[in-house]
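Just so it is clear, none of the values below were taken in a lab; they were calculated from the coordinates. All values derive from a computational prediction rather than experimental measurement. No Cβ is skipped: glycine too gets one built from the backbone with ideal geometry, and neighbour counts run over all protein chains shown.
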Amino acid sequence: MSQQTNAPRQKAGLRTNIAGLRPIAALLATVALSRSAVVLYPFYGVYLASERQGLTVDVIGLIVGMFGLGALIAGVASGALAARVREQRLAVMGLAGVAGIVVVISFTTQLWMLAGLTALWGFCYELVNPIAYTLVARVMPQAQRRFAFSAVRLAINLGMGIGPVIAGVLFNVSPGLLPWGTAIGYVVSAFILARARIAVGPASDGEQGEGAGSGDGGVQGRPGLRFWSFLAATTPIHLAYALPSTVASVYVIHTLGQSAGWASAIFAVNAFMVLTCEMALNHAMLELSRRISLLIGYACATVGFVLMGFGAHQTWLLLVATAVWTVGEMIVYPVMPDHISAITPDRLKVRNMGFYTAHFNLGVVLAPLIFLPLVQALGPVASWSLVGGVLLVGLVTTAVISNSPRIWGPEKVQAPPAPAPAPALATQ
């Protein structure tokens, strides 16, 4: 006679979840390598100034700005393109396109050609992002998606940390090497992704977009309403998190009159926490609903950005603030694509991920234009408090709409895959 022990279900360990990323290992390698090869863009302005000496500073700024315009268009157009070209192939074309375009840029001297090529470069560069998010949403089981999205962010941040270092070395040797460094890295990335076997079905969980009006446990709703209301509720996140990368150095050095070392310390604290803590944090929060996770992240962002203003009185508070809003960043940015993948029908996944990345890029464009005049007029404390107020509005809005399954979609909190149970003990 045998007796089975009814041991409680164990939560999968961090190593188990990392091992579960094998289906997207090639995609993660592609993302990390391609971002490491972004060596021309960080030095693009100074590259144009040194290699195209007839260009004025204003013209260089216009050319560099065309990159962001191309990236915005890519986010909006990615869904339509993916309807005609298989997604993995489209991403490979984007990677190969970057490689070819930067090589052509290295030989181009005409202003209109440089502007057009830079916009096309931004288009091909950004085209890869919504495809990568979509592939993760389709390949990974629902319970592991948030962890997988955090792995994608880790690959992005790792590459973006390596790329500027390589760029600095190449620039010191010869500015002319920068386009070739980018081209070589992107060719290799395209080759890796082209050879990868990423098994993508119509929907990884046998769903056609959880909560998108079918298969949602009886909760009906319009997928368009859910997506656009979610995008509107998270607009403050994109605006606020565009500020560190675009205005932090200006704020610290120009507005506060502090040394450049404090600005570097902000970036260092943020990068260190993201690279070392994000995956572990998301692993620990896997059993929390998307709603609760997003509200926690929103709260951390609100407190962190308000504290940035008080750095005007105690400079060390800038680092405390950075740590707090970085915790928010590590929570909200994996949760947002996870939620979008859950509420989006399969046929609209690339389109919605494209609008999501375009939404982020729009924040990068608008945030410095709004904030820099604001801080000059109101001062540090009032300006950053206003940022916190906007985030608080977003938090309250998210809390309200997430109470409605029709607008938010159902929350299906699934525990991550657990280790296999031990064999039953037999007694005689």
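Computed values, structure above
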item	result
Computed helical MRE - 222 nm, the chain, DSSP H runs ≥ 4 contributing -39500 (n - 2.57), nearest 500	-24500 deg cm²/dmol
Student exercise, the chain dipole from Lys, Arg, Asp, Glu Cβ charges, in Debye to nearest 20	880 debye
Protection-proxy order for peptides 139-150, 317-328, 261-272, each taking the mean of Cβ atoms within 10 Å per residue, highest first	139-150, 317-328, 261-272
C-alpha center-to-center spacing [region 105-128, region 324-356] in angstrom	28 Å
Fluctuation leader among Leu14, Leu295, Leu72 - the chain, Gaussian network, Cα springs under 10 angstrom	Leu14
Alpha carbon centroid spacing (whole Å) that separates region 22-96 from region 223-285	21 Å
Top positive-direction residue, dipole computed over the chain with Cβ charges, set Ala233, Leu14, Leu178	Leu14
Top of Arg226, Arg195, Arg89 by mean-square fluctuation, Gaussian network on the chain, Cα under 10 Å	Arg195
Globularity ratio of region 23-195, using Cα Rg and 2.2 N^0.38 Å	1.04
Packing rank of 115-125, 329-339, where each peptide gets the mean count of other beta carbons within 10 Å, highest leading	329-339, 115-125
Karplus-derived HN-Hα couplings along region 395-402 (A = 6.51, B = -1.76, C = 1.60, θ = phi - 60°), whole Hz, x at Gly and Pro	4, 5, 4, 5, 4, 6, 5, 6
Size-normalised alpha-carbon gyration radius of region 223-408, reference 2.2 N^0.38 Å	1.04
